[in-house]
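A quick write-up on the structure given underneath.
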Amino acid sequence: MLLADYVPHIVQEIRYYATYNFIGERIDGYEEPCALLTIEAARALKSAANELFVQGYRLKVFDAYRPVSAVRQFILWGIEDQDVRMKPYFYPDLEKQELFSRGYIAKQSSHSRGSAIDLTLLDMRTGKEVDMGSPFDLFSEVSHPDSRNVTREQHENRMLLQQAMVRNGFAPLDCEWWHFCLKDEPYPDTYFTFPVSSRYLLR
């Protein structure tokens with residue numbers, strides 16, 4: 001499902017369609033800057049979005065469905081030692097190979113099953129992202145949801161997002177405050193290969 005059609009007030013900044021990401025180029029399979037989700041995940045996300053909307057927040061999505069070809073590119077990039085152009089921005093304290101062992105990059109991604117999403121909150125009063133203490137895709141311990149290296153306010157912001165998502169059927173990830181996967185996902189053993197494009201919609 002095309003998420004924007006189901007949750008009209010959601011904001012999208014699909015990072016892997018652009019070049020500002022941990023690899024530094026558009027990722028394989030991202031043909032349009034749009035978020036796709038299974039209908040089950042979209043319904044659950046709509047409930048979370050509505051709950052947060054009445055509190056003054058909108059959801060901002062960085063990534064949703066991710067094709068297998070994108071995951072394959074991540075793996076090949078991790079094997080290649082020389083390309084570290086984005087290291088200062090996304091993994092300043094780690095070597096590329098550590099991103100796998102620490103759980104930041106997986107050889108099979110829940111995103112490829114169509115029910116995982118990366119997102120944050122936008123404050124409707126300011127029009128700005130809520131301060132979560134670290135940016136999206138910063139591969140560091142400070143990005144762990146329960147990190148002690150953030151302020152009380154930043155931790156409360158993370159918990160505001162997490163609790164709304166959990167109440168509406170999503171499970172968090174212990175090393176990324178932005179990542180959530182539908183608990184009762186409809187395709188738990190299927191990793192899809194079609195591109196990210198409005199022409200290919202999960203039903």
Could you list, in sequence order, all residues of region 94-120 that are among the hydrophobic types (A, V, I, L, M, F, W, C), more than 12 Å from the chain's Cα centre (by Cα) and not in a loop (DSSP other than H, G, I, E, B)? Leu99, Phe100
Which residues, counting only those in region 47-71, are among the aliphatic types (A, V, I, L, M), assigned to a loop (DSSP other than H, G, I, E, B) and in contact with a helix residue (DSSP H, G or I) (Cβ under 8 Å, 6 or more places away or on another chain)? Ala64
Here is a list of conditions, (1) without any contact (Cβ under 8 Å) to a residue 40 or more places away in the chain; (2) out of contact with any His (no Cβ under 9 Å at 6 or more places or on another chain); (3) not in a helix (DSSP H, G or I), and Glu156 meets all of them except one; can you say which number that is? (3)
With the condition kept exactly as written, say whether any residue in region 146-153 is under 22 Å from Ser115 (Cβ atoms) and in a loop (DSSP other than H, G, I, E, B). no
Would you please list the contacts, defined by Cβ atoms under 9 Å and residues six or more apart or on different chains, that run from a residue in region 32-46 that is buried (at least 18 other Cβ atoms within 10 Å of the Cβ) to a residue that is among the acidic types (Asp, Glu) and not in a helix (DSSP H, G or I)? Ala35/Asp63; Thr38/Glu185; Glu40/Asp184; Glu40/Glu185; Ala41/Glu185; Ala44/Asp184
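Using the structure shown, decide if Asp131 is more than 30 Å from Glu31 (Cβ to Cβ) and more than 17 Å from the chain's Cα centre (by Cα). Even if it seems obvious, please write down each step before you answer.
Details: more than 30 Å from Glu31 (Cβ to Cβ): yes; more than 17 Å from the chain's Cα centre (by Cα): no.
No, not satisfied.
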Unmet criterion (only one of (1) out of contact with any Leu (no Cβ under 6 Å at 6 or more places or on another chain); (2) of a type outside the set (Asp, Glu); (3) modelled with pLDDT under 95) for Gly29: (3)
Restricting to region 72-93, give me the number of residues that are charged (D, E, K, R), assigned to a helix (DSSP H, G or I) and without any contact (Cβ under 8 Å) to a residue 40 or more places away in the chain. 1
Got at least one residue in region 11-23 being in contact with a helix residue (DSSP H, G or I) (Cβ under 6 Å, 6 or more places away or on another chain), surrounded by 14 or more Cβ atoms within 10 Å (Cβ to Cβ) and among the basic types (Lys, Arg)? no
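The values are calculated or read from the model by the stated rules, or taken from the named source; none is laboratory data. Model, not experiment: these values are computed from the prediction. Note: ideal-geometry Cβ built from the backbone for every residue, glycine included; neighbour counts use all protein chains shown.
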